[in-house]
Amino acid sequence: MFQKDLEHVSGKAPELIVGETHRSNNLIIVGTMGKSTLIDGLAQKGKIDVSELEGKWEQFLITPVKNPMEGVDNALVIVGSDKRGTIFGMFDLSEQMGVSPWYWWADVPIKVRENIYAKPETYTLGEPKVKYRGIFINDEAPALSGWVTEKYGDFNKQFYEKVFELILRMKGNYLWPAMWGRSLWDDDPTTAPLADEMGVVLATSHHEPLMRSHVEWDRYGEGPWDYDKNPNKLKDFWREGMERTKGQEKVVTLAMRGDGDEAMSEGTNIGLLEKIVKDQREIIKEVTGKPIEDTPQVWALYKEVQEYCDKGMRVPDDVTLLLCDDNWGQVRVLPALDTEPRSGGYGMYYHFDFVGGPRSYKWLNTTQIERVWEQMNLTYSYGVDEIWLVNVGDIKPMEFPISFFLEYAWNPEDFPAEQLPAYYTTWAQEQFGNEHAQEIGDIISLYTKYNSRRKPELIEPTTYSLQNFNEAEKMVEDYKALVGRAKNVKEQLPKETHDAFYQLVQYPVEACANLNEMYVAAGKNGLYRFQNRTSTNYYADKTKELFFKDAEFTTYYHNSVSNGKWNHMMSQTHMGHTTWSDPAYNKMPAVSYIQSGNNANLGYVVEQGVSRFQWMHSGLNSHSFSTFDPVNDQNYYVEVFNMGTEKLTYTITTENDWIQLSSGGGTIQYDEKIVVSIDWEKAPNGQDVGEIVIKADNSEEGTTVSVPIRNDLSEDIKGFVENQGIVSIDAVNYHNAIESAEVSWQTIPNLGRTGSAITTSPVTASKQNPNNDGPYLEYEIYLLDSGTYNLTTYFSPTLNFQKDEGLIYAVSIDGDTPKMMNLHKDASAPDWTYPTWWNEAVKNNIMTQTVLEKELSAGAHTIKYWVVDPGLVLQKMVLQKEGANTESYLGPPQSKLIK
């Protein structure tokens, strides 16, 4: 593989020489310390220094050597401490030369270079900080399975060779293979020896003990999958798994779950499970003929299995405890900092893909790497460094986060949060070159941020607000802008990169933009039906159009990209989910049609409108706007709509010269928005009310809408200013940050649904006391009106990973005593029954709490957020007056800040 890399890059085929015979003045010498006589000879002669590699795991050195041997002028030596160290050295050089790990899996072209240089110094990445770093191919039907069947006939050696190569090129070393009705060991017995030869460590998933795939019990098992009733047959079954992998490097899964990835029983039978583990370890020892601790073993604490550990079950120290997230990217539990060390250590099983409640998500990448960084930084900081494994579904849609996960696993200590924005650019540069790397990185950053707000399978017509803050329309506009940027970049890229660009950038952006617009169109159809708009039918048709456009994207991906290489790979259903179980086909959201009258008929909606009928939707037929003021300098719209099939001609006028209208009217088939704003230089001082008149040409009477203003505000306003009873603040935009000797504040760029997020560092700090000496963030606000206000906090979903009383923080306003709040009050850690609070948190990708209620006067105030426990990630705070309308998915946009 390395030889082919050199040929691709240089355009010349280098000769591969096995042994010490050479016919060139210039060599690349590759070998493993203690395994290569050539390497060991160079070390003995003092030509290379390998002392740094002694006793190391997977470390390599790349070093140039003058006159390494007779007749050779120059050599570039790649030496590893072990087999994988050597392999990683070769593939690291390949990647630096321009061979992307995704050259085959995403068709990233290899750049040909006229010259390749190595700096005259020794280069190493050191040892990996996490021992086993890998992926789990899972939930692989219908996409990956359909593709594999067409291309390879089955999940055989030819398929897995490509998987093994991909893992190694990303400096991973560990694989849980596909297991939905499949067995890597049984389907093609030559596959496991190939993995061992290439250096990929195989293991079985969390419910497949002793190297036996679960499907093999269906094929060969006798009797029930029940150790109480059928222990001898099960032991024979497991023994065969150990026998056939004898001599192969592996990590052996222990214990047992119920048949078909289910709970083993209704109760927690600790005694039975401890006996199972004891008997399994006896089998391992007998088959290997080695001390039991010489065989790496793992106990996966997945779903209900965590309860066994919580209730006192223990396994020997040499067994790795594989902790798990909640299937949605939040780690469930971490070892206490004062826990006695285990020789087997701890691992973490993480998810980019999941089949289960509240709904499955499998289609495209919906994970922000910033969230991965935050949760895996937490994980590593608490001593979990034996195994990092991530469920990647079908592999293909998860190219970007897979790259990040494995790279971060190599050395989490050398990857601060500040480096996250640059990672997008660097990764884009590795796939598409320097010229457009920044722009491509920005596009990937934004589309993953938009997707993480709510996974596509969870979106509904009512997800984003059609009535407040222009939320739904802004989301559609932002996605469309991203599509435009992606297409613009593609036009400027070399043609040979177009297939890769479509897979890695354009398709996920276009397809997700289309899906979101479809659901918004369906939402408008439902709302406009209530309002009797003629455009109700337009949006029914628009929903259908966008639904079938999604199929066009899929067809293009399957048939045209890379000449049909990836047929079936995007066949995962992603529309019409109502439960955890995937629908068999994509389903269009329901729409309605109405029969409108022929005559044009005027209706209108006032943004921030005040109605005499509070049940009216979104200012429908309101007779007044909310108050305008010069500090917020609001722009509000009035939307005129037609309720007839004939076109509507209308006018909108005002006699107040200080009221500005973006249009004086027009002729419309459906709807039109006119922006209303104030010319404050002409506006009267104090409080006043102007008017606009909306009139249809086919009607003698017009409708008057009041435009109230207040032009009497103080000139010394500072801070985030209230608007219509709301002060919304992105947490990173604090005015003052107080730290302590033990705790500092850490911004995590881009993390969250709208802006960035803030947490504390280190995540292992002790509990803090919210007092004058404690760390806090300070936010200055200014209220235009007095009243009763509620403060709501918005946190990234975080579980009570220490399983104590919950994660505590505190808030205060002005000089009040900080009020202690528990993010997990009434919220126990999620179990496999999916409690309601957790369902809402993962669906919305946010946890909110209304933390205090207080009478506040008009004028300046200060909000303080105090750290108590580490591990909390604050995104936003919203102060709202009782009765203020903040209903929306993302919450109110950030308020205006006056410095």
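The values are calculated or read from the model by the stated rules, or taken from the named source; none is laboratory data. As the structure is a computational prediction, the values presented were derived from the model and not from experiment. Reconstructed Cβ throughout: ideal geometry from the backbone, glycine too, with neighbour counts over all protein chains shown.
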| query | What tally of residues in the stretch 670-688 results from selecting those that are part of a loop (DSSP other than H, G, I, E, B), surrounded by 15 or more Cβ atoms within 10 Å (Cβ to Cβ) and not small (Gly, Ala, Ser)? | reply | 1
| From the list Gly755, Gly725, Gly815, which residue is farther than 30 Å from Trp658 by Cβ, touching a strand residue (DSSP E or B) at 6+ places or on another chain (Cβ under 7 Å) and surrounded by fewer than 21 Cβ atoms within 10 Å (Cβ to Cβ)? | Gly755
| Among (1) within 23 Å of Ser756 (Cβ to Cβ); (2) surrounded by fewer than 24 Cβ atoms within 10 Å (Cβ to Cβ); (3) of a type in the set (Asp, Glu), where does Glu374 come up short? | (2)
| message | Among (1) in contact (Cβ under 8 Å) with a residue 12 or more places away in the chain; (2) within 29 Å of the chain's Cα centre (by Cα), there is one condition Ile898 misses while meeting the rest; what is its number? | response | (2)
| field | Top-ranked residue in the stretch 152-164 [being touching a residue at least 12 places away in the same chain (Cβ under 8 Å) and part of a helix (DSSP H, G or I); ranked as nearest to Asp353 (Cα to Cα)] | value | Val163
| said: Name the residue that is modelled with the lowest pLDDT, counting only residues in the stretch 281-307 that are outside any loop (DSSP other than H, G, I, E, B) and more than 19 Å from Gly345 (Cβ to Cβ). | reply: Glu307
| task | Report, by residue number, each residue of the stretch 851-899 that is among the acidic types (Asp, Glu) and assigned to a strand (DSSP E or B). | result | Glu853, Glu855
| said: Just the residues that are closer than 25 Å to Arg371 by Cα and either free of Cβ contacts under 8 Å to residues at least 24 places away in the same chain or surrounded by 20 or more Cβ atoms within 10 Å (Cβ to Cβ) (or both), please, taken from the stretch 872-894. | reply: Leu872, Val873, Leu874, Gln875, Lys876, Met877, Val878, Leu890, Gly891, Pro892
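Conditions (1) part of a loop (DSSP other than H, G, I, E, B); (2) within 24 Å of Glu887 (Cα to Cα); (3) out of contact with any Lys or Arg (no Cβ under 7 Å at 6 or more places or on another chain), marked per residue:
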{"position": "Pro770", "(1), (2), (3)": "yes, no, yes"}
{"position": "Ile781", "(1), (2), (3)": "no, yes, yes"}
{"position": "Leu799", "(1), (2), (3)": "yes, no, no"}
{"position": "Thr817", "(1), (2), (3)": "yes, no, yes"}
{"position": "His824", "(1), (2), (3)": "yes, yes, yes"}
{"position": "Ala827", "(1), (2), (3)": "yes, yes, yes"}
{"position": "Tyr834", "(1), (2), (3)": "yes, no, yes"}
{"position": "Val842", "(1), (2), (3)": "no, yes, yes"}
{"position": "Gln849", "(1), (2), (3)": "no, yes, yes"}
| message | Being surrounded by fewer than 18 Cβ atoms within 10 Å (Cβ to Cβ), basic (Lys, Arg) and more than 30 Å from Val675 (Cβ to Cβ) narrows it down to one residue among Lys495, Lys480; which is it? | response | Lys495
| said: With the requirement that a residue be surrounded by fewer than 21 Cβ atoms within 10 Å (Cβ to Cβ) and either charged (D, E, K, R) or on the phi < 0 side of the Ramachandran plot (or both), what does the stretch 64-90 give you? | reply: Pro64, Val65, Lys66, Met69, Glu70, Val72, Asp73, Asn74, Leu76, Asp82, Lys83
| query | Within the stretch 817-839, how many residues turn out to be at pLDDT 95 or above and of a type in the set (D, E, K, R)? | reply | 1
| field | Residues within the stretch 47-68 that are assigned to a strand (DSSP E or B) and within 14 Å of Pro120 (Cα to Cα), tallied | value | 6
| Within the stretch 1-53, how many residues turn out to be among the basic types (Lys, Arg) and surrounded by 12 or more Cβ atoms within 10 Å (Cβ to Cβ)? | 3
| field | Test: residue in the stretch 282-295 that is closer than 16 Å to Trp388 by Cβ, hydrophobic (A, V, I, L, M, F, W, C) and surrounded by 16 or more Cβ atoms within 10 Å (Cβ to Cβ) | value | no
| Candidate set from the stretch 393-443 (those that are among the β-branched types (Val, Ile, Thr) and touching a residue at least 40 places away in the same chain (Cβ under 8 Å)); member that is farthest from His351 (Cα to Cα) | Ile440
| query | Of all residues in the stretch 104-148 being of a type in the set (Phe, Trp, Tyr) and within 22 Å of Lys56 (Cβ to Cβ), which is farthest from the chain's Cα centre (by Cα)? | reply | Tyr123
| Is it the case that Glu208 is more than 26 Å from Glu307 (Cα to Cα) and among the acidic types (Asp, Glu)? | no
| request: Would you mind finding the one in Gly241, Gly271 that is in a helix (DSSP H, G or I) and modelled with pLDDT under 95? | output: Gly271
| query | What pairs can you find where one residue is in the stretch 282-298 and charged (D, E, K, R), the other is assigned to a helix (DSSP H, G or I) and surrounded by 12 or more Cβ atoms within 10 Å (Cβ to Cβ), and their Cβ atoms are less than 7 Å apart, with a gap of 6+ or different chains? | reply | Lys285/Ile292
| the stretch 332-362 - residue that is part of a loop (DSSP other than H, G, I, E, B), under 13 Å from the mean Cα position of the chain (by Cα) and in contact (Cβ under 8 Å) with a residue 60 or more places away in the chain and, of those, surrounded by the fewest Cβ atoms within 10 Å (Cβ to Cβ) | Lys362
| query | Taking only pairs six or more apart or across chains, which ones have beta-carbon atoms under 6 Å, a first residue in the stretch 212-234 that is assigned by TED's automatic domain parsing to the domain that holds Ala192, and a second residue that is surrounded by fewer than 16 Cβ atoms within 10 Å (Cβ to Cβ) and of a type in the set (Gly, Ala, Ser)? | reply | Val215/Gly181; Asn230/Gly223; Lys233/Gly223
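Rundown of residues vs (1) not assigned by TED's automatic domain parsing to the domain that holds Tyr789; (2) not in a strand (DSSP E or B), yes/no style:
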residue: Ser622; (1), (2): yes, yes
residue: Glu646; (1), (2): yes, yes
residue: Ile652; (1), (2): yes, no
residue: Gly690; (1), (2): yes, no
residue: Ser699; (1), (2): yes, yes
residue: Val707; (1), (2): yes, no
residue: Val727; (1), (2): no, no
| field | Odd one out for Thr320, checked against (1) touching a strand residue (DSSP E or B) at 6+ places or on another chain (Cβ under 7 Å); (2) outside any strand (DSSP E or B) | value | (2)
| request: Please enumerate the residues belonging to the stretch 101-148 that are under 27 Å from Gly11 (Cα atoms) and either of a type in the set (Asp, Glu) or in a strand (DSSP E or B) (or both). | output: Asp107, Glu114, Glu121, Tyr123
| query | What residue, among those in the stretch 744-790 that are more than 26 Å from the chain's Cα centre (by Cα) and either β-branched (Val, Ile, Thr) or not assigned by TED's automatic domain parsing to the domain that holds Asn733 (or both), is nearest to Ser381 (Cα to Cα)? | reply | Ile781
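Listed here are the residues, each with its yes/no results for (1) at pLDDT 95 or above; (2) touching a strand residue (DSSP E or B) at 6+ places or on another chain (Cβ under 9 Å); (3) more than 28 Å from Trp566 (Cβ to Cβ).
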site: Met348; (1), (2), (3): yes, yes, yes
site: Leu364; (1), (2), (3): yes, no, no
site: Thr367; (1), (2), (3): yes, yes, no
site: Arg371; (1), (2), (3): yes, yes, no
site: Val384; (1), (2), (3): yes, yes, yes
site: Val390; (1), (2), (3): yes, yes, no
site: Phe400; (1), (2), (3): yes, no, no
site: Tyr424; (1), (2), (3): yes, no, no
